[in-house]
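Data first, discussion second: the structure below is written as structure tokens.
The values are calculated or read from the model by the stated rules, or taken from the named source; none is laboratory data. Since this is a predicted model, take the numbers as computed values, not measurements. We place every Cβ from the backbone using ideal geometry, glycine too, and count neighbours over all the protein chains shown.
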Amino acid sequence: MSKLIDGKAFADRLCDKLADEVASLKQDKQLSPCIAVVLVGEDPASATYVGAKVRRCAQLGIDSRSHHLDDTTSEAELLSLIDDLNNDPEVHGILVQLPVPKQINSDAVINAISPDKDVDGFHISNVGALSVGQNNMVPCTPLGSLMLLQDELGDLSGKNAVVVGRSNIVGKPMAALLLQQSCTVTIAHSRTQDLPEVCRGADILVAAVGIPHFIQGDWIKPGATVIDVGINRIYDEALEKNRLVGDVDFDAAKEVAGAITPVPGGVGPMTIACLMYNTVRAAKNQAGIA
Ligand code: NDP
């Protein structure tokens, strides 16, 4: 039976520390970290995520400015708002909740955000910085996953890490971070041959696939540390309602793994906590505070 990695507790501790840091930045440096959160359209899931982020900001004393644009907003209008926010010295972080409506090119939006205010870490220059080990803003979900791994395992050097999934927001930056920690990294994806055998070689297995219960118990090396990034909503017949599950078959995996993140309560809370972390860091960087 494996140990549960409690991402919620870790995220709460991180946020407590950040709240203290925000309080002293305000008092000692007259610096009030501030994030602008931009939501375009009426996607209910996006509205829920934005609400959770804004609430976390309030708990930590981080100022947040919400910009809710309607779903007919043009790309030019959104880029104009981003330009204003880039030039506003009181705004340290800018987050545009994705996905944006189809008339807007999300890459154009991401790359219009000043890299120093890009608290999601998606700007192409932040991606490049990560790939050469000069991390600036690092994507929140992989950063939070790395924090959990380091808390659980300490030094990751020399471990075999398998990341299943190669998206720009999770899989690729996760692999880059693990490589920086001197893991031997394999990135698996939909064309990978004999994925179960690839996974069985992993001391660290990160699942970011988007398919409920995809990673099977017998794909996991006994004692491995499993980070389940997946968030999938499925209908549970026994409960007669929807519930969230990960990309790992948790019940089987917990019998084999050394430690595993649950869903919910694992990586999810770390993503928002790391957004707060990036916002505080961005504010300090822009104010020239080490
Ligand atoms: P994407 O859909 O962008 O990427 C999924 C990846 O999984 C792709 O690289 C794809 O491969 C790979 N894949 C799909 N099917 C298979 C297969 N049969 N075998 C092996 N690999 C496969 O998803 P995201 O990275 O955005 O998200 C992944 C999961 O993480 C989702 O459940 C999402 O909800 C969750 N998530 C959770 C967050 C959190 O805060 N905890 C934040 C962000 C995402 P290919 O490239 O070849 O198509």
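For this structure, a couple of remarks:
- All positions within the range 89-128 that are among the charged types (D, E, K, R) and either buried (at least 19 other Cβ atoms within 10 Å of the Cβ) or over 23 Å from Gly51 (Cα atoms) (or both): Asp107, Asp116, Lys117, Asp118, Asp120
- Against the test of being in contact (Cβ under 8 Å) with a residue 60 or more places away in the chain, β-branched (Val, Ile, Thr) and more than 9 Å from the ligand (Cβ to nearest atom), the options Ile215, Ile260 yield a single qualifying residue, Ile260.
- Selection within the range 157-195 - within 15 Å of the ligand (Cβ to nearest atom), more than 17 Å from Gly223 (Cβ to Cβ) and more than 17 Å from the chain's Cα centre (by Cα): Val185, Thr186, Ile187, Ala188, His189, Ser190, Arg191, Thr192, Gln193, Asp194, Leu195
- Residue pairs meeting the criteria (Cβ under 9 Å; at least 6 apart or on separate chains; first more than 30 Å from Gln150 (Cβ to Cβ), in the range 227-244; second aliphatic (A, V, I, L, M)): Ile234/Leu244; Ile234/Val245; Asp236/Val245; Asn242/Ile234
- Being assigned by TED's automatic domain parsing to the domain that holds Leu153, at pLDDT below 95 and exposed (fewer than 15 other Cβ atoms within 10 Å of the Cβ) holds for only one residue in Glu237, Glu197, and it is Glu237.
- Qualifying residue in the range 67-78 (condition: modelled with pLDDT of 95 or more, surrounded by 18 or more Cβ atoms within 10 Å (Cβ to Cβ), assigned to a helix (DSSP H, G or I) and assigned by TED's automatic domain parsing to the domain that holds Asp107): yes
- Filter result for Ala9 (modelled with pLDDT under 95 and either under 19 Å from the mean Cα position of the chain (by Cα) or surrounded by 16 or more Cβ atoms within 10 Å (Cβ to Cβ) (or both)): no
- Long-range neighbours under 7 Å by Cβ, at least six apart or interchain, first residue charged (D, E, K, R) and crowded, with 21+ Cβ neighbours inside 10 Å within the range 160-188, second outside any helix (DSSP H, G or I) and modelled with pLDDT of 95 or more: none
- Single residue of Asn278, Asn285 found to be assigned to a helix (DSSP H, G or I), in contact (Cβ under 8 Å) with a residue 60 or more places away in the chain and either at positive phi or surrounded by 18 or more Cβ atoms within 10 Å (Cβ to Cβ) (or both): Asn278
- Qualifying positions in the range 101-147 - part of a helix (DSSP H, G or I), free of Cβ contacts under 8 Å to residues at least 24 places away in the same chain and under 21 Å from Lys284 (Cα atoms): Pro115, Ser125, Asn126, Ala129
- Cβ-Cβ distances below 9 Å connect the following pairs, each with a first residue in the range 1-28 that is closer than 22 Å to Gly230 by Cβ, a second residue that is of a type in the set (Gly, Ala, Ser) and in a strand (DSSP E or B), and a separation of six or more residues or different chains: Ser2/Ala259; Lys3/Ala259; Leu4/Ala259; Ile5/Ala259.
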